[in-house]
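First the structure, in the form of structure tokens, and then the observations on it.
Bear in mind these aren't lab numbers, they're just calculated from the coordinates by the rules spelled out. The structure presented is a predicted model; accordingly, all values stated were derived computationally and were not measured. Cβ: placed from backbone, ideal geometry, glycine included. Neighbour counts: every protein chain shown.
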Amino acid sequence: MRRGSENGSPRAGATNGTLVRLDGVHKIYQMGLTEVHALAGVTFSFEEGDFLAIVGPSGSGKSTLLNLLGCLDRPTRGRYFLKGHNVGEMDDNALSELRLRELGFIFQSFNLIRQLTVLENIELPLYYLGWESAASMERAAELADALGLGDRVGHRPAELSGGQQQRVAIARSLANDPSIILADEPTGNLDSATGQQILELLVRLNRQGKTIVMVTHERDVGAFATHRVHMLDGLIDRVEVD
């Protein structure tokens, strides 16, 4: 991971091998007559295989930053490049396609569809990508087995523990073989022991080459990442690297 220089410009060579680059990114929300500067000029980049934890207090801008990285929102000013694509110049259809092909999402509340089985939940991204049914079922079954869910593929979310539901969400995030996995407080609804298991799973995935960006307000959770991006008042306050 690389931060920008003191004048806000990326360091020399920051585009070489870079997966994500943000140049002076601002995000401003209009609340009546008041402008809320959720991001106030963020410049940084990271590479394939990094494991980032975005940490900071409520209101620091970490969730806004994750939404931008996930192409769920656009910068008000500044530029965001994902694999060389200038996200701010894409229309909604192109953004949806980029999201579907390049990104995997893990949410605090799991966001599983309760009417679907484990296998069907994992298959969802592949359905939207147009995979043939037999191939998507095979891929989903392989992921379920790899995440210790092989005997749960016919169950529905209500029949699973919180940890099992989060494993389903992780399997779903891997289905499209994304460039980046974005995890929003992935242990927030889990007990400490189950949360530890999920974090160890993310570490294992990262060691296998997956790029992970995780938002958390807990320092001990952030310690599992190799890079900790501390945010304050819409800016990167400091970066810690193991």
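Quick notes
- Size descriptors for the stretch 54-150, from the alpha-carbon set: Rg then Dmax equal 16.2, 46 Å.
- Mean residue ellipticity at 222 nm, helices only, the chain: -9500 deg cm²/dmol; runs of at least 4 DSSP H residues each add -39,500 (n - 2.57), and the sum is divided by the number of residues.
- Alpha carbon convex hull of the stretch 134-185, volume per residue in cubic angstrom: 80
- Rounded to the nearest 10 degrees, the inclination of helix 162-174 to the longest alpha-carbon principal axis of the chain is 70 degrees.
- Cα-based equivalent ellipsoid of the stretch 97-150: semi-axis lengths in Å, sorted from largest, via gyration tensor: 17, 16, 11
- Applying D = kT/(6 pi eta Rh) to the stretch 172-242, where Rh is the Kirkwood radius over alpha-carbon pairs, T corresponds to 25 °C and eta to 0.890 mPa s, the Stokes-Einstein value obtained is 188 µm²/s.
- Max mean-square fluctuation residue, GNM over the chain, Cα-Cα springs under 10 Å, options Asn93, Asn206, Asn176: Asn93
- One way to sum up the overall shape of the stretch 75-213 is the equivalent ellipsoid from its Cα gyration tensor, whose semi-axes run 26, 19, 13 Å, largest first.
- Summing charges over neighbours of Phe51, with a neighbour being any other residue whose Cβ is under 14 Å away from its Cβ, gives -2 when K and R count +1 and D and E count -1.
- Residue among Thr76, Asn176, Met137 farthest towards the positive dipole end of the chain, charges placed on Cβ: Thr76
- Long-range Cα-Cα pairs in the stretch 39-105 (distance over 13 Å), rounded percent: 68
- Whole-percent P(r), the chain, all Cα pairs, 5 Å bins from 0: 1, 6, 14, 18, 19, 16, 12, 8, 4, 1, 0.
- Of Ser179, Ser136, Ser192, the sequence from fewest to most neighbouring Cβ atoms within 10 angstrom is Ser192, Ser179, Ser136.
- If the segment from Met90 to Met31 were pulled out straight at 0.36 nm per residue, it would be longer than the present Cα-Cα gap by 18.7 nm.
- Fewest-first sequence of Leu190, Leu100 by Cβ atoms within 10 Å of each Cβ: Leu100, Leu190
- Spin-label proximity, Glu200 to the stretch 223-240 - amide N less than 20 Å from point 7 Å beyond Cα toward beta carbon: 223-226
- Taking the average, over residues, of other Cβ atoms within 10 Å as the packing measure, peptides 156-165, 104-113, 18-27 rank 18-27, 104-113, 156-165 from highest down.
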